[in-house]
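> Structure below; questions to follow.
The values are calculated or read from the model by the stated rules, or taken from the named source; none is laboratory data. Just so it is clear, the structure is predicted and the values come from calculations on it, not from any experiment. So basically every Cβ, Gly included, is an ideal-geometry build from the backbone, and we count neighbours across all protein chains shown.
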Amino acid sequence: TATDSCDNTITHTQTINVVDTTAPTFNETLPADTTLECDAIPDGNSLTASDNCSEATVTLEEVITDGSCENEYTLVRTWTATDSCDNTITHTQTINVIDSTAPTFNETLPEDSDVECDAVPNAETLTANDNCGTATVVFEEEITNGACTSDYIMTRTWTATDSCGNDAVHIQIITVQDNDPPTLVSDLDETINVTCDAIPQVPGLVFEDACSNAIEVVFNETSTQINDFEDYEIIRIWIVTDDCGNEADFTQVIFVEISNIIEANDAERCVLDIEFDLFDLLSGNFDMDGTWSVVSGDATLDGSLFAPSTVEVGNYTFKYSITEGACPTEAEVTVVIDDECLVLPCSDANNVIISKTVTANGDNFNEFFTLTGVEFCGFTVELEIFNRWGAKIYESKNYQNNWNGDSHGSSVGRSGKVPTGTYYYIINLRDSGLKPFTGPIYVATNK
């Protein structure tokens, strides 16, 4: 409207149609389509927009299309920027979400090791984490046999798997060996001191092996005994071997004391000696219930009694045997029988005993003129008897101790007994080497 000073006016009307047809624009660089790991998806609220006329608002819409597994899918993001007049602009991003990362174990992983067969560790319990979800762990154990039962290789495998089949594997190799021999379970006295009648039976021992039930036991017993008179040792050895050839030996030594200890002593006896006990020739600590026997020589025994007078000159061997009980033994003695008891008196005139008196009166005392002490010498006795006038009244070339006063008739005028009185003898022991014996003898008769 134009008006002058007089209020004259003129009017012009213009109509302006104000419109908003321009869409907003995004402020940031628009995200392009991409392929990302499931744990690397960016935040979707990162875009803003500007409008030429007003403010603009940005909305986000996400559409997920499932893939082959839980953590693999297609994510379509659509951002829409709208101004106040509903002018819009959109941007769409397609994200291919994948899961190619394997899980990781949470615990320290067990290492390879070499162990004894009785020290194999228990399998560890392992767990795992996954970058996009959960993981399961499967354990497997495989044994590869070695040269023997207790030598083998144990392969332990833990497999951690996520929902998309990505897996992580840990393998532990345990080399199992058996280097230890079996051990003794039973009690065993390694040394024992016993007498020979108390030797213990071989004990039934029990052995065990840490890794194997296949145990071989070889038993051996030796003795150092060389005779029945000396102490000795019994050595018992058990050699024990397991399935892998590991060997151990266990030894028991028994010191055995001989309880029947006999020391034998030979002896010399004369044919005139009296009976004696053969036990007198033995000494030591022994059982006397054994048996005596003749080993050599023509002799007889009465139990342990031996009479030298029953045998001839020579050597005689006797054996004493103990056969009963746990300590049998035997001993031999030799008895030398000689005649020295005869020879010595025969060469000694002092051993010749001659009667001093003959009382031929029938009372059985001093009835005969006797010569004794040389009965076993084998001499021939030559006897002559004279009266006091020198007349020979009796003579014998082989006198047998049988003169009791008899006389020759020429000596007394007639035969018969000599009168009581003193007479004289001459005795010659032929082949004796002794001088003749002479002396008086008193004869008492009834005349």
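> Considering only the range 211-235, state which residues are assigned to a strand (DSSP E or B) and either of a type in the set (A, V, I, L, M) or touching a Phe, Trp or Tyr at 6+ places or on another chain (Cβ under 9 Å) (or both). Please lay out each step first, then the result.
Step one: list which residues in the range 211-235 are assigned to a strand (DSSP E or B), which gives 216-223, 232-235.
Matches in the range 211-235: Val217, Val218, Phe219, Asn220, Ser223, Tyr232, Glu233, Ile234, Ile235.
> For residues that are touching a helix residue (DSSP H, G or I) at 6+ places or on another chain (Cβ under 9 Å) and part of a loop (DSSP other than H, G, I, E, B), scanning just the range 304-327, find the one that is modelled with the highest pLDDT.
The selected residue is Ser304.
> Check whether at least one residue in the range 37-59 is closer than 22 Å to Asp162 by Cα, surrounded by fewer than 12 Cβ atoms within 10 Å (Cβ to Cβ) and out of contact with any Pro (no Cβ under 6 Å at 6 or more places or on another chain), and report yes or no.
Looking for residues that are closer than 22 Å to Asp162 by Cα, surrounded by fewer than 12 Cβ atoms within 10 Å (Cβ to Cβ) and out of contact with any Pro (no Cβ under 6 Å at 6 or more places or on another chain), one finds none in the range 37-59, hence no.
> Could you grab the pairs with beta carbons closer than 9 Å, sequence gap of 6+ or different chains, first residue in the range 369-396 and more than 17 Å from Pro436 (Cβ to Cβ), second one in a loop (DSSP other than H, G, I, E, B) and of a type in the set (Asp, Glu)?
Phe376/Asp339; Gly378/Asp431
> For the range 129-137, check the following and say yes or no: at least one residue is at pLDDT below 95 and polar (S, T, N, Q).
yes
> List every residue pair whose Cβ atoms lie under 8 Å apart, where the two residues are 6 or more positions apart in sequence or sit on different chains, the first residue falls within the range 289-304 and is on the phi > 0 side of the Ramachandran plot, and the second residue, located anywhere, is of a type in the set (Phe, Trp, Tyr).
Gly297/Tyr316; Gly303/Trp292
> Going residue by residue through the range 243-257, is there one that turns out to be surrounded by 13 or more Cβ atoms within 10 Å (Cβ to Cβ), at pLDDT below 90 and not β-branched (Val, Ile, Thr)?
Checked the range 243-257: at least one residue is surrounded by 13 or more Cβ atoms within 10 Å (Cβ to Cβ), at pLDDT below 90 and not β-branched (Val, Ile, Thr).
> Filter the range 305-327 for residues that are more than 16 Å from Asp273 (Cα to Cα) and touching a strand residue (DSSP E or B) at 6+ places or on another chain (Cβ under 6 Å) and give the result. Full working, then the answer.
Residues of the range 305-327 more than 16 Å from Asp273 (Cα to Cα): 317-327.
Those that are more than 16 Å from Asp273 (Cα to Cα) and touching a strand residue (DSSP E or B) at 6+ places or on another chain (Cβ under 6 Å): Thr317, Phe318, Lys319, Tyr320, Ser321, Ile322.
> Residues that are among the aromatic types (Phe, Trp, Tyr) and out of contact with any helix residue (DSSP H, G or I) (no Cβ under 7 Å at 6 or more places or on another chain): find the strands (runs of 3 or more DSSP E) completely inside the range 353-443 holding 3 or more of those.
Details: elements: 357-359, 380-386, 392-396, 421-430.
Where strands (runs of 3 or more DSSP E) fall fully within the range 353-443 and carry at least 3 residues being among the aromatic types (Phe, Trp, Tyr) and out of contact with any helix residue (DSSP H, G or I) (no Cβ under 7 Å at 6 or more places or on another chain), they are 421-430.
> With the requirement that a residue be in contact (Cβ under 8 Å) with a residue 60 or more places away in the chain, surrounded by 14 or more Cβ atoms within 10 Å (Cβ to Cβ) and either out of contact with any strand residue (DSSP E or B) (no Cβ under 8 Å at 6 or more places or on another chain) or of a type in the set (A, V, I, L, M) (or both), what does the range 70-113 give you?
Glu70, Cys85, Asn87, Ile89, Ile95, Val97, Ile98, Ala102
> Of everything in the range 172-197, what is in a strand (DSSP E or B), closer than 24 Å to Phe250 by Cβ and either free of Cβ contacts under 8 Å to residues at least 60 places away in the same chain or in contact with a Leu (Cβ under 8 Å, 6 or more places away or on another chain) (or both)? Give them in sequence order. It would help to see each step written out before you state the result.
Narrowing the range 172-197 to residues in a strand (DSSP E or B): 172-177, 183-184, 191-195.
From the residues that got through so far, the ones that are closer than 24 Å to Phe250 by Cβ too are 177, 183-184, 191-194.
Result: Leu184, single match.
> Applying the selection to the range 118-140, what residues are loosely packed, with under 15 Cβ neighbours inside 10 Å and closer than 27 Å to Glu208 by Cα?
Across the range 118-140, the qualifying residues are Asp118, Ala119, Val120, Pro121, Asn122.
> Sort out which residues of the range 249-278 are assigned to a strand (DSSP E or B) and in contact with a Leu (Cβ under 8 Å, 6 or more places away or on another chain), and write them in order of number.
Start the filter on the range 249-278 by keeping residues that are assigned to a strand (DSSP E or B), which leaves 249-257, 261-264, 267-270, 276-277.
Listed by number, the residues that qualify are Phe250, Gln252, Ile262, Glu263, Ala264, Ala267, Cys270, Phe276, Asp277.
> Suppose we filter the range 311-363 for residues that are touching a Pro at 6+ places or on another chain (Cβ under 6 Å) and either touching a residue at least 60 places away in the same chain (Cβ under 8 Å) or closer than 16 Å to Leu281 by Cα (or both); how many remain? Spell out how you get there, then give the answer.
Applying the first criterion (touching a Pro at 6+ places or on another chain (Cβ under 6 Å)) to the range 311-363 yields 322, 337, 351.
Narrowing the set further to residues that are either touching a residue at least 60 places away in the same chain (Cβ under 8 Å) or closer than 16 Å to Leu281 by Cα (or both) leaves 322, 337.
Selection size over the range 311-363: 2.
> Filter the range 247-288 for residues that are without any contact (Cβ under 8 Å) to a residue 60 or more places away in the chain and within 30 Å of Cys211 (Cα to Cα) and give the result.
Within the range 247-288, Asp249 is the sole residue that qualifies.
> If Ala128 satisfies all but one of (1) under 17 Å from Thr161 (Cβ atoms); (2) among the hydrophobic types (A, V, I, L, M, F, W, C); (3) out of contact with any Phe, Trp or Tyr (no Cβ under 6 Å at 6 or more places or on another chain), what's the number of the condition it fails?
(3)
> Which condition number does Ala331 fail, the rest of (1) in contact with a Ser or Thr (Cβ under 7 Å, 6 or more places away or on another chain); (2) assigned by TED's automatic domain parsing to the domain that holds Val271; (3) part of a strand (DSSP E or B) being met?
(1)
> Looking only at the range 140-171, which residues are in a loop (DSSP other than H, G, I, E, B) and either out of contact with any strand residue (DSSP E or B) (no Cβ under 9 Å at 6 or more places or on another chain) or more than 16 Å from Thr101 (Cβ to Cβ) (or both)?
Of the range 140-171, the ones in a loop (DSSP other than H, G, I, E, B) are 146-151, 163-166.
Correct list: Gly146, Ala147, Cys148, Thr149, Ser150, Asp151.
> Sticking with this structure for a sec: Which one is farthest from the chain's Cα centre (by Cα), of the residues in the range 280-292 that are modelled with pLDDT of 90 or more and surrounded by 13 or more Cβ atoms within 10 Å (Cβ to Cβ)?
Here the residue is Leu281.
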